[in-house]
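Nothing in this text is a laboratory measurement; each read-out follows from the coordinates by a stated rule. As the structure is a computational prediction, the values presented were derived from the model and not from experiment. Because the Cβ atoms are built from the backbone with ideal geometry, glycine has one as well, and the counts that use them run over all protein chains shown.
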Amino acid sequence: LWHERKALWEVYNWVQKADLESSQKEKKMSTTAVYLRVSKLDSERDINFQSIICKRYLQSIGKTEKDYEIYEDHLSGMNTDRPEFQRMMAGIKSGKVKTVVAYKLDRISRSVDDLFKFSDILDQNDAVLVIAAHPDVGGSDKSALSKLFFQMMAAVAQFDGAMIDEHIKLNSVDQ
């Protein structure tokens with residue numbers, strides 16, 4: 001009986017160790033995505049500013065450059081047809097990316113529908129979004145207040161994009 005218990009205990013310890021190693025390997029394989037976006041190619045200053053804010057946030061929680069990957073697009077936020085955004089989405093769906101950090105929500109998209117789809121994909125893949133300008137709101141917090149904040153900021157992002165389009169149209173008419 002003693003030998004059987006000892007054998008069972010050894011199997012139990014082996015399984016626990018394998019589970020721990022698997023969990024640690026999974027954590028090492030997953031990474032944080034830093035998503036940066038500007039609409040114009042000449043907006044290098046804006047990209048640098050976004051990058052600094054996101055990196056400061058990551059440093060504040062103990063992350064180093066080896067813990068994250070930067071995804072950078074120089075395209076409009078009115079849709080999600082952007083190469084680096086799609087590459088990041090593939091990482092989320094594959095489980096490689098578990099956290100997305102963006103300077104502000106409108107860097108992800110200026111479309112309410114696209115932001116809601118993005119949020120659903122994050123939820124389906126146990127991933128979270130952290131807004132570096134407001135790190136205390138959202139993320140893994142699924143409270144009613146965080147959801148309301150996300151919805152309000154999505155609406156503001158879409159409104160802001162529509163206002164930018166109107167200004168561009170007005171300026172082109174004036175010339």
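Brief remarks follow.
Residues checked against (1) in contact with an Asp or Glu (Cβ under 9 Å, 6 or more places away or on another chain); (2) of a type in the set (Val, Ile, Thr); (3) surrounded by fewer than 12 Cβ atoms within 10 Å (Cβ to Cβ); (4) under 23 Å from ALA157 (Cα atoms):
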position: ASP46; (1), (2), (3), (4): no, no, no, yes
position: LYS55; (1), (2), (3), (4): yes, no, no, yes
position: LEU58; (1), (2), (3), (4): yes, no, no, no
position: ILE70; (1), (2), (3), (4): yes, yes, no, yes
position: ASN79; (1), (2), (3), (4): yes, no, no, yes
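- Of all residues in segment 142-163, those satisfying the criterion of being assigned to a helix (DSSP H, G or I) and surrounded by fewer than 15 Cβ atoms within 10 Å (Cβ to Cβ) are ALA144, LEU145, LYS147, LEU148, GLN151, MET152, ALA155, PHE159, ASP160, ALA162, MET163.
- Answer from ALA133, ALA33 - the residue that is among the small types (Gly, Ala, Ser), assigned to a loop (DSSP other than H, G, I, E, B) and surrounded by 14 or more Cβ atoms within 10 Å (Cβ to Cβ): ALA133
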